[in-house]
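J.: Got a structure for you, written out below as structure tokens; questions coming shortly.
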Amino acid sequence: MFTIYSDKDIFENIISNPNNYPNWNKIIKDHSNICLNINQVDLDAEKADPETYIFLFLQANARNIDVIPLENYFQTIYNDFEIIIENPTSAYFLNIPEIDAKNLQDQTGLIINCKENIDDDILIKGVNLDWLADDLINNNWTEILSSFNNFPSNSLIINDRNLFSNEERVQGLNKNIGIDNLLRILDNLIPQNLKIDYHILVQSEQNSNINNKQKCDQIATILNNEIRNLRPYNFIIEIVFFNRGTMYFPSTHNRKIVSNYKIGKVEYSFAAFKIKENNTLKYDDSFNLKSFFENINSSQNCSSNLKAHENATLKYTEIASHCIQKINQGGPNDNVYRYYLNGIEVIQGQITKITNRLLN
């Protein structure tokens, strides 16, 4: 479940003004754990007093909401803001000046609100498109992902068995279509500035076109170099190539993209656009990318995106564990997985953990 960390007065401001913050009120009431800057004694007193906002809030909601007192944790936050990175899919409401809240969000890639500026729409953004081969979309991924400009994130996972399957002849050279598309996607999703490392995990197939170490090495090296050219901050770039014989290979069929507060998918591949004609779609396909509560004002299950995100990260955590186990058992990596960290293959005895912070 989604978790909100809030100073008590900001939380009370939100729940007492549902017309000003309708989306956050729905998220708080139906879809989140609530952690407040309050101690247990004071919280018990609030719960017992029928005139407090917390008492009225709890009485008015059918869901059994557990308000968690975390005064010591908030004291730690105010001493060292970087501790919040440990909760990469949570939102924070802090008593800090508006400019500091913006800077902290920019530095950490997490949702940070303050009393003076609460963004009620940040978790309801989404895009849903269908296209045919040879359709034109001006500015390609930039146009498709425009609603997510400056959206906070610090980690991303892309899972697509077909991502690196095809090449295109460009100026006498074979260029990988998946690399070209992935770089455009990242350039439109990752923040402009960040104070911490940005984590990227790519999961794809060792298929007939890239079934040997030389090809895997080449893709990993190009991605490592080109991704670092996109932004001035540091990246942790992990790539896992699956052999078809691994038990988790069927999971690569679910072509998904997962970030801190978003989940999306394509039916065929994220390698959607041609390289030379870079506004031209290569396949018939459909694409969506949705924030956790994109459908909160519809009749659909408004927590379905959040649940899909939780399911995906749980599955990718299982895959990471299996990948480590198999590589450390030894044997030809072509028969199991190949794992690359920052462009370098990690082999038996050298891998202890896949570090993407979205993994559990």
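J.: So GLN171 ticks every box in (1) at negative phi; (2) open to solvent by 60 Å² or more (accessible area, probe 1.4 Å) but one. Which box is left unticked?
T.: For GLN171, the failing item is (1).
J.: Answer yes if at least one residue in the range 122-132 is more than 19 Å from PHE293 (Cβ to Cβ), in a helix (DSSP H, G or I) and open to solvent by less than 60 Å² (accessible area, probe 1.4 Å), and no otherwise.
T.: Checking the range 122-132: not a single residue is more than 19 Å from PHE293 (Cβ to Cβ), in a helix (DSSP H, G or I) and open to solvent by less than 60 Å² (accessible area, probe 1.4 Å).
J.: Only residues in the range 287-303 that are under 13 Å from VAL127 (Cα atoms) and open to solvent by 50 Å² or more (accessible area, probe 1.4 Å) count as the first member; pair them with residues that are at pLDDT below 95 and in a loop (DSSP other than H, G, I, E, B), Cβ under 7 angstrom, at least 6 apart or cross-chain, and list the lot.
T.: Pairs that qualify, where the first residue is under 13 Å from VAL127 (Cα atoms) and open to solvent by 50 Å² or more (accessible area, probe 1.4 Å) and the partner is at pLDDT below 95 and in a loop (DSSP other than H, G, I, E, B), are GLU294/ILE124; GLU294/LYS125.
J.: One residue is enough: does the range 217-226 have a residue meeting the conditions open to solvent by less than 60 Å² (accessible area, probe 1.4 Å), more than 23 Å from the chain's Cα centre (by Cα), modelled with pLDDT under 95 and more than 28 Å from LEU129 (Cβ to Cβ)?
T.: Within the range 217-226, one or more residues are open to solvent by less than 60 Å² (accessible area, probe 1.4 Å), more than 23 Å from the chain's Cα centre (by Cα), modelled with pLDDT under 95 and more than 28 Å from LEU129 (Cβ to Cβ).
J.: Please enumerate the residues belonging to the range 311-360 that are more than 21 Å from ASP197 (Cα to Cα), among the polar types (S, T, N, Q), touching a residue at least 24 places away in the same chain (Cβ under 8 Å) and surrounded by 13 or more Cβ atoms within 10 Å (Cβ to Cβ).
T.: If we filter the range 311-360 for residues that are more than 21 Å from ASP197 (Cα to Cα), which is where we start, we get 311-312, 314-315, 318-319, 321-338, 347-350.
If we keep only those that are among the polar types (S, T, N, Q) as well, we get 311, 321, 325, 328-329, 333, 335, 348, 350.
Subsequent filtering for residues that are touching a residue at least 24 places away in the same chain (Cβ under 8 Å) retains 333, 335.
Within the range 311-360, just ASN333 meets the criteria.
J.: For ARG338, all conditions in the list (1) over 29 Å from ASP119 (Cα atoms); (2) part of a helix (DSSP H, G or I) hold save one; what is the number of the exception?
T.: Exception for ARG338: condition (2).
J.: Which of the residues belonging to the range 54-77 are at pLDDT 95 or above, open to solvent by 10 Å² or more (accessible area, probe 1.4 Å) and assigned to a helix (DSSP H, G or I)?
T.: GLU71, ASN72, TYR73, GLN75, THR76
J.: Can I ask one more? Go through ILE112, ILE96, ILE158 for me and flag whichever is at pLDDT 95 or above, open to solvent by less than 30 Å² (accessible area, probe 1.4 Å), over 28 Å from GLU318 (Cα atoms) and within 19 Å of the chain's Cα centre (by Cα).
T.: Criteria check complete, one pass: ILE112.
J.: Could you pull out the residue among THR246, THR252 that is part of a helix (DSSP H, G or I) and touching a residue at least 60 places away in the same chain (Cβ under 8 Å)? Please lay out each step first, then the result.
T.: Working: THR246 fails: part of a helix (DSSP H, G or I).
THR252 is the lone residue from the list that is part of a helix (DSSP H, G or I) and touching a residue at least 60 places away in the same chain (Cβ under 8 Å).
J.: Are any of the residues in the range 227-237 open to solvent by less than 50 Å² (accessible area, probe 1.4 Å), part of a loop (DSSP other than H, G, I, E, B) and without any contact (Cβ under 8 Å) to a residue 24 or more places away in the chain? Break it down stepwise before answering.
T.: Kept after step one, since they are open to solvent by less than 50 Å² (accessible area, probe 1.4 Å), are these residues of the range 227-237: 227, 230-231, 233, 235-237.
This time we only want the ones that are part of a loop (DSSP other than H, G, I, E, B), so: 230-231, 233.
Still in the running and without any contact (Cβ under 8 Å) to a residue 24 or more places away in the chain: none.
Within the range 227-237, none of the residues are open to solvent by less than 50 Å² (accessible area, probe 1.4 Å), part of a loop (DSSP other than H, G, I, E, B) and without any contact (Cβ under 8 Å) to a residue 24 or more places away in the chain.
J.: Go over the candidates GLU116, GLU82, GLU86, GLU71 one by one and state the one that is in contact with a Lys or Arg (Cβ under 9 Å, 6 or more places away or on another chain) and without any contact (Cβ under 8 Å) to a residue 40 or more places away in the chain.
T.: Details: GLU116 fails: in contact with a Lys or Arg (Cβ under 9 Å, 6 or more places away or on another chain); GLU82 fails: without any contact (Cβ under 8 Å) to a residue 40 or more places away in the chain; GLU71 fails: in contact with a Lys or Arg (Cβ under 9 Å, 6 or more places away or on another chain).
That would be GLU86, the only listed residue that is in contact with a Lys or Arg (Cβ under 9 Å, 6 or more places away or on another chain) and without any contact (Cβ under 8 Å) to a residue 40 or more places away in the chain.
The values are calculated or read from the model by the stated rules, or taken from the named source; none is laboratory data. A quick note: this is a predicted structure, and the numbers were derived from the prediction, not measured. Because the Cβ atoms are built from the backbone with ideal geometry, glycine has one as well, and the counts that use them run over all protein chains shown. Areas reflect the complete protein model, heavy atoms only, side chains present, ligands, DNA and RNA absent. Shrake-Rupley method; radii C 1.70, N 1.55, O 1.52, S 1.80 Å.
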